[in-house]
Amino acid sequence: MGERSGFLDRGDGERIAWREVDGDGPTVVWLGGFRSDMGGTKAVALAEAAQARGWRFLRFDYYAHGESSGDWNAATIGRWRADSLAVIDQLTDGPLVLVGSSMGGWVASLAALARPERVKALVLIAPAPDFTEALMRPAMSPEALRELELNGVWLQPSEYDAPYAITKRLLDEGRDWLVLDKPVPIRCPVRILQGEADPDVPWAHALALAQAVETDDVVFTLIKAGDHRLSRPQDLERLVATVAEVR
């Protein structure tokens, strides 16, 4: 069983690239991280698991990510949330298991809040809700903040890739989608996989989401020596097993 692929027309000249494995039962939907794409290790591992196990699995690239179109400097959390809802509404039916990594954990939470009748469970890897306000802005130097105010953009060094643009628009618009400032009315099962040695999302930040959701069916797994990506063979096995459990 292979994958089929295509583009979803967003109606504004932009297109979302997607790939799907056909199968039975709830659709597992992958929501990637900030500047990640659907060709990443965890997304590919889930696609392979879906093919082997007969799951229906959908992955896609947000606006200005991967194979999708878009202007990075115009990208916002709200836009990526809207992309996710468009994919869910137009390409799937029935119950969903949303699997979100890092920023994708925030987007998955926002999608679950918007479509509670559809979402059967959440599996979140190093979830970073509110990261623009809670993690990114506080880590910026005074010089970076001044540059952001003066020019509307700052180039963020990255250990994973070349420096990339952080826009004032991204940070300011992110305030419209904060979830950790109040109880989060997510009532489906939630599973969180978090590396203890994650340098990007502190485990206490991920734990705050586990404590904020209203469901009692929450399992928070802290992986000793685990990093942010959680893409080692044992991490991928754990991810697939966790999705299988809630699916």
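Every number here is computed from the coordinates shown, using simple stated rules; none is lab data. Source: prediction; values computed, not measured. We place every Cβ from the backbone using ideal geometry, glycine too, and count neighbours over all the protein chains shown.
Per-residue Cβ neighbour counts within 10 Å put S69, S5, S36 in the sequence S5, S69, S36, beginning with the fewest.
Placing unit charges on each Cβ (+1 for Lys and Arg, -1 for Asp and Glu) gives the chain a dipole about its Cα centre, and among N151, G23, M103 the Cα reaching farthest toward its positive end belongs to G23.
What is region 1-131 by shape, rounded, prolate or oblate, if you read a ≥ b ≥ c off the alpha carbon gyration tensor as root eigenvalues and call it rounded for a/c under 1.5, prolate for a/b larger than b/c, and oblate otherwise? In terms of gyration-tensor shape, rounded. Residues within the reach of a label modelled at A114 (point 7 angstrom out along Cα to beta-carbon, backbone nitrogen below 18 Å), restricted to region 42-80, are 58-65, 68-71, 74-80.
Computed over the chain with a Gaussian network model linking Cα atoms closer than 10 Å, the most mobile of E117, E173, E143 is E143.
Expressed as a fraction of 2.2 N^0.38 Å, the value expected for a compact globular protein of N residues, the C-alpha radius of gyration of the chain is 0.96. When D216, D89 are arranged by Cβ crowding within 10 Å, least crowded first, meaning fewest neighbours, the order is D216, D89. Can you classify region 64-193 as rounded, prolate or oblate using the Cα gyration tensor, where a ≥ b ≥ c are the square roots of its eigenvalues, rounded means a/c under 1.5, and otherwise it's prolate if a/b beats b/c and oblate if not? Prolate. For K182, the aspartates and glutamates whose Cα falls under 16 Å of its own Cα, not counting residues fewer than eight places away in the same chain, are D130, E133, E214.
Under 15 Å of direct C-alpha separation, and excluding same-chain neighbours fewer than eight residues apart, K224 reaches these aspartates and glutamates: E196, D198, D235.
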